[in-house]
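Each remark here refers to the structure printed beneath this line.
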């Protein structure tokens with residue numbers, strides 16, 4: 001699984017800014033090496049044993065849930081409007097027949113389908129496409145953006161719905177963006193603890209992470225907005241966050257996306273004994 005010349009455990013992480021508080025302290029950790037890729041690609045690499053652990057989205061976890069254990073106490077979730085996942089449209093919500101989206105955004109696409117079906121009685125055709133927002137809106141009635149791309153377009157394109165906000169209004173629960181998953185044999189208890197400790201270190205560095213992102217010009221968003229964006233996330237896997245995850249997976253099952261709702265097998269804490 002690991003290269004013979006490099007015994008460090010390989011971790012798959014998304015490139016989005018909001019995940020940095022979970023990963024920044026791991027960049028200089030002796031036992032790990034980080035592989036940045038699209039969430040769906042990380043899910044594939046973990047499934048094929050090319051990664052030892054990965055930050056997976058809910059849908060990517062659910063598709064192989066029986067194979068993985070979930071690191072307790074660590075997740076990225078949000079419970080307010082933060083431009084992390086946005087649906088942009090040309091003429092109006094009720095005129096959406098097609099939706100352009102990057103196929104790698106597995107959970108975000110399902111979130112969009114759930115919100116449009118439950119709140120607007122819409123079932124648009126998904127048009128697989130990755131590119132600038134204006135080009136996406138030239139190919140479909142609406143476009144789905146996530147992560148840094150969504151954050152950068154939030155102020156420039158006002159015809160949009162913040163899907164996290166819509167989810168919270170519909171369910172009164174947080175939306176879970178990602179969490180650590182691994183096979184039981186691929187991480188030691190000490191390595192799991194290191195992932196938990198990295199969260200504690202990273203969440204204490206929110207201001208520095210925002211300043212670094214602004215200095216690197218990874219986005220045109222001003223530093224004050226970057227900091228507010230990061231502060232809108234929770235990085236603890238609380239019982240309420242777990243309930244939000246389960247509710248999302250139940251909706252995905254109801255809408256025919258999943259064959260069942262997988263159990264969450266925890267690493268570090270047995271929730272049933274709490």
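Structure above, values below:
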| item | result |
| --- | --- |
| Filter result for the condition that a residue is over 23 Å from residue 135 (Cα atoms), in contact with a strand residue (DSSP E or B) (Cβ under 8 Å, 6 or more places away or on another chain) and in contact (Cβ under 8 Å) with a residue 60 or more places away in the chain, over 80, 72, 66, 107 | 72 |
| Residue in the range 10-24 that is farther than 30 Å from residue 263 by Cβ and part of a loop (DSSP other than H, G, I, E, B) present | no |
| Subset of the range 26-45 (residues that are within 19 Å of the chain's Cα centre (by Cα) and not in a loop (DSSP other than H, G, I, E, B)) | 26, 34, 35, 36, 39, 40, 41, 42, 43, 44, 45 |
| Hits in the range 127-140 - residues which are farther than 29 Å from residue 20 by Cβ and crowded, with 21+ Cβ neighbours inside 10 Å | 140 |
| Single residue of the range 46-67 satisfying the filter (assigned to a loop (DSSP other than H, G, I, E, B) and within 17 Å of the chain's Cα centre (by Cα)) that is nearest to residue 177 (Cα to Cα) | 57 |
| One residue from 44, 51 being over 14 Å from residue 147 (Cα atoms), assigned by TED's automatic domain parsing to the domain that holds residue 243 and free of Cβ contacts under 8 Å to residues at least 24 places away in the same chain | 44 |
| Given (1) free of Cβ contacts under 8 Å to residues at least 40 places away in the same chain; (2) more than 17 Å from the chain's Cα centre (by Cα); (3) buried (at least 21 other Cβ atoms within 10 Å of the Cβ), index of the condition residue 242 fails | (2) |
| Candidates 63, 41 - the one that is surrounded by fewer than 22 Cβ atoms within 10 Å (Cβ to Cβ) and either touching a helix residue (DSSP H, G or I) at 6+ places or on another chain (Cβ under 8 Å) or at pLDDT 95 or above (or both) | 63 |
| Residue ID - surrounded by the most Cβ atoms within 10 Å (Cβ to Cβ), chosen from residues in the range 113-126 that are farther than 16 Å from residue 166 by Cα and more than 21 Å from the chain's Cα centre (by Cα) | 124 |
| Among (1) surrounded by 18 or more Cβ atoms within 10 Å (Cβ to Cβ); (2) on the phi > 0 side of the Ramachandran plot - the single one residue 229 does not satisfy | (2) |
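So that you can scan it fast, the table gives a plain yes or no per residue for (1) touching a residue at least 60 places away in the same chain (Cβ under 8 Å); (2) at positive phi; (3) assigned to a helix (DSSP H, G or I); (4) surrounded by 20 or more Cβ atoms within 10 Å (Cβ to Cβ):
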{"site": "111", "(1), (2), (3), (4)": "yes, no, yes, yes"}
{"site": "151", "(1), (2), (3), (4)": "yes, no, yes, yes"}
{"site": "169", "(1), (2), (3), (4)": "no, no, yes, no"}
{"site": "177", "(1), (2), (3), (4)": "yes, no, no, yes"}
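The values are calculated or read from the model by the stated rules, or taken from the named source; none is laboratory data. From a predicted model like this one, the values you see are computed outputs, not experimental measurements. A quick note on method: Cβ atoms are made from the backbone with ideal geometry, for glycine too, and the neighbour counts reach across all protein chains shown.
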